[in-house]
Amino acid sequence: MRKISKAGISFAAAAVLVAGVAGVGVTQANAASTHLAAAKSIPAPAAAVPAVLGGTTGVALDSNFLAALKSLKLTPSVYGTAKLTGSDITFPITGGSVVYWSPKSNYRPYVQGILEHDGSGLTLTSGATSVTLADFTINPGNSLLYGDVSVNGKVAAVQAPLFNLHGGTLKPLQLQGKDAILTGTTVHVSSTAASLLDSTFKTTAVKADLLVGVATITAQISK
């Protein structure tokens, strides 16, 4: 069961999200005025998608990452509805919501929301041991990708922070037909995932912040 809320994010909700805990420890009246002031300070986003209707998150796997897997004798394969074609792996988007501001603006984080990928994932196998990372949830607001972890079919972690997302090379939002496309985010192994994989496969070779690849999110935003 997920630990992350699936609530949609609208313009108004984005204002509350940014205001965050500004009202903690003050009166309700002061909290309301604080949220209103915070909302007024938020620039108009370039796009807001209260409900993502589908799409995919694809990752072009880095050659050094694939070489690292090979050196560890780990064989990658897909789980559920994920697809692996050459060095490109894709996970269907099953829900979520997103608010986007231009990277050129001074507003941060400029991508906020949640994207869910239920029923798909990545399996790493070595001998009789297999680890499946699945049901990914991308939270661009804190630059983390969460997921469920199972070892030989047994649950080891639920919605653990598995990958760090670095948006320094993110390209401007593109709109093509029914889709909004964000590409350029680099995906890196988190310290949590590195520790889990090292302990499971009895190695010390999986390092935190290892580059996995470059992501492209194609979110369907209209019917």
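The values are calculated or read from the model by the stated rules, or taken from the named source; none is laboratory data. These numbers come from a predicted model, not from an experiment. With ideal geometry, Cβ positions are generated from the backbone for all residues, glycine too; neighbour counts draw on all protein chains shown. Accessible surface areas use protein heavy atoms only, side chains included; no ligands, DNA or RNA. Shrake-Rupley method; radii C 1.70, N 1.55, O 1.52, S 1.80 Å.
Would you mind computing the Rg to Rh ratio of the stretch 70-202 from its alpha-carbon coordinates, Kirkwood style for Rh?
0.99
Starting from the 7 Å offset along Cα-to-Cβ, what nm value, one decimal, do you get for the label separation of residue 77 and residue 174?
3.3
Using 0.36 nm per residue of separation minus the Cα-Cα distance, give me the extension gain between residue 85 and residue 41 in nm, one decimal. Walk me through the intermediate numbers first.
On the way: separation 44, 0.36 × 44 = 15.84 nm, distance 4.46 nm.
Between residue 85 and residue 41, full extension yields an extra 11.4 nm.
Quick one: accessible surface of residue 171, probe radius 1.4 Å, all protein chains present, in square angstrom to the nearest 10.
Residue 171 exposes around 110 Å² with every protein chain in place.
Using 7 Å Cα-to-Cβ label points, what is the residue 223/residue 152 separation (nm, one decimal)?
In this crude label model, residue 223 to residue 152 measures out at 4.8 nm.
Report, in debye and to the nearest 20, how large the dipole of the stretch 165-223 comes out about its Cα centre when Lys and Arg carry +1 and Asp and Glu carry -1 on their Cβ.
Values: 5 positive and 3 negative charges, 33 e Å.
Charge dipole of the stretch 165-223: 160 debye, to the nearest 20.
For a Förster distance of 41 Å, can you work out the FRET efficiency between the beta-carbons of residue 195 and residue 53, rounded to the nearest 0.05?
That pair, residue 195 with residue 53, gives E of 0.70.
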